[in-house]
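The values are calculated or read from the model by the stated rules, or taken from the named source; none is laboratory data. Note that the structure is a prediction, hence the values are computed from the model and not measured. All Cβ positions, even for glycine, are placed from backbone atoms using ideal geometry, and neighbour counts span all protein chains on display.
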Amino acid sequence: MKKFLTMLMVASIFSLVACGPTEEEKVADEAKAAEKVEEMMVGLEEVAEEVVAEDVVAEDVAVEGEEATEEEAHVHAEGEEHSH
């Protein structure tokens, strides 16, 4: 009985090892993973470009606002000089 159980355990272990994926399945899985990573990187690059573009627009608006504020301050300062 002990020998039978030992042989059954050994057979079970070999059958579990044999259930793993084949080399072709492993290669296919790696190709799918690489494709998904590539898609994610392209999406990430697009988002990064959008963020940079938004930052440039926001920076341009801020610079224009600062220029207007400086001009208003200059005009206001000139007005005070003339009134004194």
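Things worth noting here:
- Any hit, region 60-83, residues being surrounded by 10 or more Cβ atoms within 10 Å (Cβ to Cβ), in a helix (DSSP H, G or I), among the acidic types (D, E) and at pLDDT 75 or above: no
- Within region 14-42, the set of residues being part of a helix (DSSP H, G or I) and modelled with pLDDT under 85 comprises F14, S15, L16, V17, A18.
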